[in-house]
Amino acid sequence: PIPVEPHGTVGARQVHTALLLCNDVSQWRRLEQMRSDFVANVSHELKTPITAIQGFAETLLDSEHDAETEKEFLQVIHDESVRMKNLVSDLLTLTRLENGSSTDAFHEVNLADVVSESVQVIERMATAAGIQIDNQLQEGSITVWGHDEQLKQVLLNLLTNAIHYTPTGGVITVFAESYVDRVKVHVSDTGIGIPKEDQDRVFERFYRVDRDRSRATGGTGLGLAIVKHIVQTHGGELGVDSQLGMGSDFWFTISRLRGLHADL
Ligand code: ADP
């Protein structure tokens with residue numbers, strides 16, 4: 001109950017307190033809803049591979065199969081275990097970022113080094129998929145302020161997606177636009193593209209444009225949520241420009257470090 005002022009009217013102070021309380025309650029309810037949605041999503045995402053593993057293992061145990069069928073079933077069990085491992089690993093990454101994201105460990109980072117290290121990690125995967133990576137940042141010397149491992153994670157996630165959602169023969173281009181105070185880094189592909197109405201939502205946890213395709217690539221649905229978290233902790237912005245069937249251009253900005261080693 002709101003305490004009533006002596007002369008019987010509700011004072012401005014009490015109204016203000018009541019409004020603050022209402023705000024707190026609705027904020028708390030919203031957070032609680034988000035938390036329970038998240039738990040429901042995670043449970044669902046884990047249940048699918050567990051059900052498959054259990055089903056295929058039981059079939060193998062229950063009856064005799066020829067060697068080829070056995071191998072096929074074991075492959076499914078293996079792939080679904082990998083999916084679960086990736087999901088748990090992405091969940092741990094997100095939780096770690098949420099609990100411990102601080103700018104204390106930020107340092108000078110050479111952007112070109114981070115990009116070329118990330119491209120190197122992913123190159124074999126691209127070659128196997130028949131996709132070429134054109135890294136236009138190779139010779140640059142742009143120094144930014146951030147966390148090299150986290151920035152590498154951003155690039156790895158964007159590059160992995162670009163490979164997953166680009167058909168054979170496609171090209172992925174990594175380039176940067178330099179401004180006085182920041183750099184805009186692009187990972188651009190010639191892939192399947194994203195419909196307009198989904199473009200804002202792809203950064204949400206577990207949001208997928210095409211669930212089956214994401215499943216087929218072993219995606220966890222958390223890659224872009226991790227990217228968003230890291231970029232925002234770095235004080236940057238991010239987005240995607242895309243046209244269905246033509247390709248996607250994912251970009252993020254990061255603060256430049258201007259000084260002795262910077263190139264402006
Ligand atoms: P996932 O593990 O499903 O790839 P992400 O969070 O990395 O999860 O991406 C969310 C969704 O955004 C994907 O399921 C896919 O529909 C879409 N997406 C991400 N990157 C691209 C891309 N380069 N081209 C087309 N669609 C993409």
Residues of segment 187-206 being within 19 Å of D90 (Cα to Cα), more than 6 Å from the ligand (Cβ to nearest atom) and crowded, with 16+ Cβ neighbours inside 10 Å, which ones? F203, R205, F206
Would a scan of segment 100-112 turn up a residue that is more than 16 Å from the ligand (Cβ to nearest atom) and closer than 30 Å to I53 by Cα? no
Output the residue which, of all residues in segment 210-252 that are open to solvent by less than 60 Å² (accessible area, probe 1.4 Å) and polar (S, T, N, Q), is nearest to the chain's Cα centre (by Cα). T220
Restricted to segment 207-227, and to residues that are among the β-branched types (V, I, T) and more than 22 Å from L151 (Cβ to Cβ), which residue is farthest from the ligand (Cβ to nearest atom)? T217
What's the number of the only condition in (1) open to solvent by 10 Å² or more (accessible area, probe 1.4 Å); (2) at pLDDT 95 or above; (3) under 21 Å from G235 (Cβ atoms); (4) of a type in the set (S, T, Y) that S118 fails to meet? (1)
Among the hydroxyl-bearing types (S, T, Y) and closer than 14 Å to V121 by Cβ: which single residue out of T168, T173, T160, T143 fits that description? T160
Here are the criteria: (1) outside any loop (DSSP other than H, G, I, E, B); (2) within 30 Å of T127 (Cβ to Cβ); (3) open to solvent by 20 Å² or more (accessible area, probe 1.4 Å). Tell me which single one S255 does not satisfy. (2)
Filter segment 79-113 down to the residues that are charged (D, E, K, R) and within 17 Å of the chain's Cα centre (by Cα) and list them by number. R83, K85, D90, R96, E98
Total residues in segment 156-175, condition closer than 20 Å to T233 by Cα and either surrounded by fewer than 20 Cβ atoms within 10 Å (Cβ to Cβ) or away from the ligand (no atom under 13 Å from the Cβ) (or both): 1
Name the strands (runs of 3 or more DSSP E) wholly within segment 94-195 that hold at least 3 residues that are among the aliphatic types (A, V, I, L, M)? 171-178, 182-189
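The values are calculated or read from the model by the stated rules, or taken from the named source; none is laboratory data. For clarity, every value in this text was computed on a predicted model and none was experimentally measured. Ideal geometry is used to build each Cβ from the backbone, glycine not excepted, and the neighbour counts take in all protein chains shown. Ligands, DNA and RNA are stripped out before the accessible areas are found, and what is left, the full protein with its side chains, is counted by its heavy atoms. Shrake-Rupley method; radii C 1.70, N 1.55, O 1.52, S 1.80 Å.
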